[in-house]
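Below is one structure, written out as structure tokens, with a few remarks after it.
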Amino acid sequence: MIKVALPKGRLFEETVDLLLKRGIIEKRIEEGRKLILEEGGITFFLVKPSDVPVYVESGVSDLGVCGYDVYLEKKPSVYRLMDLGIGFCRIAVAGKPESEEKYFSSTHISVATKYPNIAYEFFKKKGVKADIYYLNGSVELAPLVGLSDFILDLVQTGRTLKENGLIVIEEVGKSTAWLIANKDSFRIKNGQIMEFLSRLVQHNKDGLQVQGSS
Amino acid sequence: MKTSLISGERFYSLEESNLVKEIFKKAVKIFEAFGYDYINLSHFEPYEFQELTFGEGSKEAITFKDSYTKESFGLRLDFTTQVVRTISHLRNVKLPERVYYFGKVFSLDRRGFEKLQTGVELIGEKSILADFEVIQVLTEFLKSLGLKDLKVILSHAGIVRKVADEREELLRAFSERNLEALKEVLGNDIKFFVEVSKNPEVLNFLEKYDLEKEKEELLELGKLLEEFGIDYAYDLGEVRNFPYYTGVIFEIYELKSGKALAGGGRYDNLSKIYGKEYPATGGAVYLERLLDILPKNVEKKDYFVIDKTKKRLGLKLADVLREKGKKVGMEIVKERGLEHSLIYAFDKGFKEVLLVEDEIVKVYTTPKDYVVMKIREFLDLIE
């Protein structure tokens, strides 16, 4: 039986919708206390989004649904088979409006983020020295209380930023959810994985739904 | 209290250590049965050469600088390069040279700095028979450890290299198996790169990319494996991390655990880096993965001797038993009561405990049960 790691939280509903739409599962699965669910001959593990690559890389899960942001941050040794076209958001640098000029003129800034590796790579490429504060949540608070000049975070609607008086200053990249695969499973369970894939990419009324992406 | 642990190091329990030793003994037996010689290698490689052989991967090397010569060197990153470098400096090499090795490779891999490997290299022959032999030896070795359900996944370093044609983006798409990015360039041919199958027809499309040689080699190797009852499949989209591969590459999977236990391939140009020119192929077994799946049975030791005599008859008895090939340990803790000695001995895996008192010996088979006999009588019972 094929095992799939699903991210809890904002991506969960969208993923389940997609699986239902493609007929991969027939009954909706719910996010609750139960962490192992079986449906449509597939075992699903419900895990924290940033833990999905851990389960897949280790081979505990054969497949996983993983945000590109998480993939970029963790750089797991897995296959990144296809963009599922769901969970779209932007990865961006944000800050107070009055800091915008400082962002483009300073050689040394400070940034709070849940994505220290993405931040490090991004500013290294830009040639800007950045002190990075690694936070687990409420990142928007950092520039308000003076922990950092800027934040690097996911932006979906931009509402949280707005409510905290922050603006997007520079876009780092776009993120959507990808189907990732364990490298060994891809070879050993190739038949089952290809079957799963072919159902995901099957044509429907909307035409070929697989979207291009970054 | 300070801790003496290093995050990247690997500790082995005594049971695991014993298994490592048993695996090595099996390796010696099987590899030598195929006519391979043991080669004992240096732990170091010149860093300059690590850069040449591993490219980007050389950044993972654990490096040092000799403060006198100012030369940089690194701990060996893998065995293949070390074998080729060593052979290139040996006099009186008679090709083809067949060697096997056992030991650790080192890198700054966050999952562990040191990895145990054993494997073989067959240097000086370019025919597909050599590739087959390497796969055959490694498969036999894994089978000798009691592993069944093995499957060889065959690929060819020339395929992706040719199709990607040094286009960085495409190469990356191959190594990530990013199906969409691949589809954009390859169109419907993509299916040949994602299907893992035994069907030789998947090889037909190789002609379209002028990969006749690769096709022939994979076909021939498949036939040989078939003939010798080794299960296999083709995976043409594989990219291996080692840039030195030039021909057939393979991994051997154990299907129950779903893990690759061994891998290798052909590297015909590697020796040029060391000023030599011979084709070669080889492969290594990933021992850490074997440790995860093999049972860890420690072989029992024969006797634990507790000497209660003034004349040290127990010590002498132990010597006699060892001469007869028995594994014998002595009780050396003086202040321990008999009961505790017995529990210790059986916990430690001794089959019997011999309590020696003057001319008699009590032979314990459990901490509670024993038979009494004269030392002479006991020795007569030992074959």
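The table below lists the values:
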| item | result |
| --- | --- |
| Carbon plus sulfur fraction of accessible area for the stretch B:301-381, probe 1.4 Å, in percent | 52 |
| Helix-only CD estimate at 222 nm, as mean residue ellipticity for chain B, using -39500 (n - 2.57) per DSSP H run (n ≥ 4) | -10500 deg cm²/dmol |
| Approximate spin-label separation B:Asp380-B:Lys191, in nm, with each point projected 7 Å along Cα-to-Cβ | 8.1 |
| Charge-dipole axis of the protein assembly as shown as Lys and Arg at +1 and Asp and Glu at -1 on Cβ define it, positive-most pick from B:Tyr232, A:Phe196, B:Val372 | B:Val372 |
| Heavy-atom accessible area, 1.4 Å probe, ligands and nucleic acids excluded: residues of the stretch B:221-244 down by at least 10 Å² from chain alone | B:Asp235, B:Glu238 |
| Whole-number accessible area per residue in Å² for the stretch A:1-134, which is evaluated in the context of all protein chains at 1.4 Å | 47 |
| Ellipticity estimate at 222 nm from DSSP helix runs (n ≥ 4, -39,500 (n - 2.57)) divided over chain A, nearest 500 | -8500 deg cm²/dmol |
| Å² per residue, accessible surface of chain B at 1.4 Å | 53 |
| Accessible area in the full protein assembly, largest first, 1.4 Å probe, for B:Lys70, B:Lys348, B:Lys148 | B:Lys148, B:Lys70, B:Lys348 |
| Only Lys, Arg (+1) and Asp, Glu (-1) charged, at Cβ; the protein assembly as shown dipole about Cα centre in debye | 1560 |
| Proportion of all alpha-carbon pairs of the stretch B:333-383 beyond 14 Å (%) | 53 |
| Anchor B:Lys272: lysines whose Cα lies under 24 Å away (excluding residues fewer than 8 positions away in-chain) | B:Lys59, B:Lys94, B:Lys126, B:Lys162, B:Lys213 |
| Theoretical FRET efficiency, 1/(1+(r/R0)^6), r = Cβ-Cβ of B:Lys126 and A:Gln192, R0 45 Å, to 0.05 | 0.75 |
| With 5 Å bins from 0: P(r) over chain A, alpha-carbon pairs, percent | 1, 7, 14, 17, 17, 13, 10, 9, 6, 4, 1, 0 |
| Rg to Rh, two decimals, where the stretch B:274-383 supplies the alpha carbon set and Rh follows Kirkwood | 1.29 |
| Dipole magnitude (debye, nearest 20) for the stretch B:301-381, charges at Cβ of Lys, Arg, Asp, Glu | 220 |
| Solvent-accessible area lost in complex, 30 Å² minimum, residues of the stretch B:166-184 relative to chain alone, 1.4 Å | B:Glu176, B:Arg177, B:Asn178, B:Leu179, B:Glu180 |
| With 20 Å bins from 0: P(r) over the protein assembly as shown, alpha-carbon pairs, percent | 16, 40, 31, 12, 2 |
| Amide hydrogen neighbours beyond the local backbone of A:Ala112, cut-off 5 Å, H modeled | A:Tyr133, A:Phe150, A:Ile151, A:Leu152 |
| For the stretch B:9-118, the fraction of alpha-carbon pairs in successive 10 Å shells from zero, as % | 13, 37, 34, 16, 1 |
| Delta accessible area of at least 30 Å² on complex formation, residues of the stretch A:185-204, 1.4 Å probe, chain isolated as reference | A:Phe186, A:Arg187, A:Ile188, A:Asn190, A:Met194 |
| Percent carbon-and-sulfur accessible area, chain A, ignoring ligands, DNA and RNA, probe 1.4 Å | 50 |
| Proximal lysines relative to A:Lys96, as straight alpha-carbon distance under 25 Å, when same-chain residues fewer than 8 apart are discounted | A:Lys114, A:Lys124, A:Lys125, A:Lys126, A:Lys129, A:Lys162, A:Lys174 |
| Amide hydrogen neighbours beyond the local backbone of A:Ile2, cut-off 5 Å, H modeled | A:Thr43 |
| Ordering of B:11-21, B:72-82, B:93-103 by packing [mean C-beta count within 10 Å, highest first] | B:72-82, B:93-103, B:11-21 |
| Accessible surface of the stretch B:14-293 [probe 1.4 Å, protein heavy atoms]: carbon and sulfur percent | 50 |
| Karplus 3J(HN,Hα) series, Hz, for the stretch B:73-85 with 6.51 cos²θ - 1.76 cosθ + 1.60 (x for Gly, Pro) | 9, x, 5, 4, 8, 7, 8, 4, 4, 5, 5, 5, 4 |
| Around A:Leu46: net Lys/Arg minus Asp/Glu count, Cβ-Cβ under 13 Å | -1 |
| The stretch B:301-381, relative contact order [Cα under 8 Å, separation at least 6], % | 31 |
| Unit charges on C-beta of K, R, D, E only; dipole of chain A, Debye | 400 |
| Average projection area in nm² (convex hull over Cα atoms of the stretch A:89-174, one quarter of hull surface) | 4.8 |
| Debye equation applied to the C-alpha atoms of chain B, log10 I(q)/I(0) at 0.11, 0.13 Å⁻¹ | -0.87, -1.07 |
| Amide hydrogen neighbours beyond the local backbone of B:Phe304, cut-off 5 Å, H modeled | B:Gly329, B:Glu352, B:Val353, B:Leu354 |
| The stretch B:277-339, relative contact order [Cα under 8 Å, separation at least 6], % | 29 |
| Cα long-axis angle, helix B:313-323 against chain B (0 to 90 degrees, to the nearest 10) | 30 |
| Separation of alpha-carbon centers, the stretch A:85-124 and the stretch B:118-140, rounded to whole Å | 52 |
| Chains A and B together, accessible area buried on both sides, 1.4 angstrom probe, square angstrom | 1900 |
| Gain on full stretching of the segment that runs from B:Ile273 to B:Val28 - 0.36 nm per residue minus C-alpha separation | 85.2 nm |
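The values are calculated or read from the model by the stated rules, or taken from the named source; none is laboratory data. Since the model is a prediction, treat every value here as computed from it, not as a measurement. Counting neighbours? That spans all protein chains shown, and the Cβs are built from the backbone with ideal geometry, glycine included. SASA here: full protein model, heavy atoms, side chains in, ligands and nucleic acids out. Shrake-Rupley method; radii C 1.70, N 1.55, O 1.52, S 1.80 Å.
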